[in-house]
1. So which residues in region B:1-12 are open to solvent by less than 40 Å² (accessible area, probe 1.4 Å) and more than 20 Å from B:Gln44 (Cα to Cα), if there are any at all?
2. Consider region A:40-82. How many of its residues are on the phi > 0 side of the Ramachandran plot and within 14 Å of DNA strand D (Cβ to nearest atom)?
3. Being facing another protein chain (nearest Cβ under 8 Å) and in contact with a strand residue (DSSP E or B) (Cβ under 7 Å, 6 or more places away or on another chain) is the filter here; which residues of region B:32-84 pass it?
4. For region A:85-100: of the residues being more than 18 Å from B:Val61 (Cα to Cα) and at the interface with another protein chain (Cβ under 8 Å from one of its Cβ atoms), which is nearest to the chain's Cα centre (by Cα)?
5. Quick one: how many residues across region A:65-109 are under 22 Å from A:Asp22 (Cα atoms) and either in contact (Cβ under 8 Å) with a residue 40 or more places away in the chain or not in a helix (DSSP H, G or I) (or both)?
6. A:Ala11 versus (1) at positive phi; (2) within 15 Å of the chain's Cα centre (by Cα): which is the lone unmet condition?
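The values are calculated or read from the model by the stated rules, or taken from the named source; none is laboratory data. Note that the coordinates shown come from a computational prediction; the quantities given were computed from them, not determined experimentally. Cβ placement follows ideal geometry from the backbone for every residue including glycine, while neighbour counts extend to all protein chains displayed. Quick note on the areas: whole protein, heavy atoms, side chains included, nothing else; ligands and nucleic acids left out. Shrake-Rupley method; radii C 1.70, N 1.55, O 1.52, S 1.80 Å.
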There are 2 protein chains.
Amino acid sequence: MSNDLDPVFKALADPSRRRLLDALFERNGQTLGELCGQLDMTRQAVTKHLVLLEEAQLVAVVWRGREKLHYLNPVPIHAIAERWIGKFERQRLTALGDLKKALEEDHDA
Amino acid sequence: MSNDLDPVFKALADPSRRRLLDALFERNGQTLGELCGQLDMTRQAVTKHLVLLEEAQLVAVVWRGREKLHYLNPVPIHAIAERWIGKFERQRLTALGDLKKALEEDHDA
DNA sequence: TTGACATGCAACCCGAAGGTTGCATATTGA
DNA sequence: TCAATATGCAACCTTCGGGTTGCATGTCAA
């Protein structure tokens with residue numbers, strides 16, 4: 001399994017791509033055509049977004065005849081949650097405390 | 001509190017900015033100059049990255065004389081974990097199941 | 001077998017993003 | 001008071017990202 005989260009963060013940075021993930025969350029296994037119906041752009045633009053999602057392994061593809069079915073792969077999101085967000089979540093209250101304290105000291109001065 | 005996660009996703013998309021967050025994670029409250037020492041680019045470039053982090057509310061700033069102290073604000077990361085990642089994590093096994101099943105059916109055909 | 005359908009590929013356009021350099025401003029401490 | 005320090009502001013350059021259009025390819029169904 002890849003250990004590089006960068007393509008995942010990049011893929012998640014665009015609202016249209018998050019929207020595609022949401023669409024697959026609503027109904028998994030949609031075709032390209034179906035996904036196009038939910039975004040206000042050309043099929044080619046949607047294809048490009050899906051390519052990025054595939055490269056980040058957020059979406060997996062299965063061909064059925066001439067149709068391309070898209071499936072959500074939750075593993076990279078899980079990896080981000082585990083390896084990245086978890087770290088900050090663990091120190092959350094400490095960081096908030098630092099911030100509060102700094103603001104108070106600033107007020108004094 | 002802002003409810004818009006887009007600037008947060010955008011801010012997290014760049015490796016240099018994630019690195020800055022990591023640096024503040026290591027030692028909270030660093031000055032601009034200190035943060036510059038940890039990235040291989042000009043001070044102005046670092047400033048630009050920090051502006052994006054501030055706009056996403058991931059970093060809060062306190063001025064102490066001529067020094068600008070940077071503090072981690074864990075709230076937006078928490079928001080992403082709660083409102084966005086949590087949703088996918090909850091359906092994680094279901095999505096993996098869909099994917100596995102689709103791959104098997106593809107194999108049959 | 002053929003036309004309609006689902007998708008791929010490639011060139012192109014434009015604005016945004018990341019970086020640089022140069023200069024201005026404010027604070028500090030000797 | 002003045003030089004060094006810490007930072008801001010603005011113009012500029014190049015690359016990348018998101019979007020389009022046009023055409024090619026492969027599959028299905030009548």
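1. B:Leu5, B:Asp6, B:Val8, B:Phe9
2. So the count comes out to 1.
3. Once the filter is applied, which keeps residues that are facing another protein chain (nearest Cβ under 8 Å) and in contact with a strand residue (DSSP E or B) (Cβ under 7 Å, 6 or more places away or on another chain), region B:32-84 yields B:Ala60, B:Val62, B:Leu69, B:Tyr71, B:Leu72, B:Asn73.
4. A:Ile85
5. Number of matching residues: 14.
6. Failed condition: (1).
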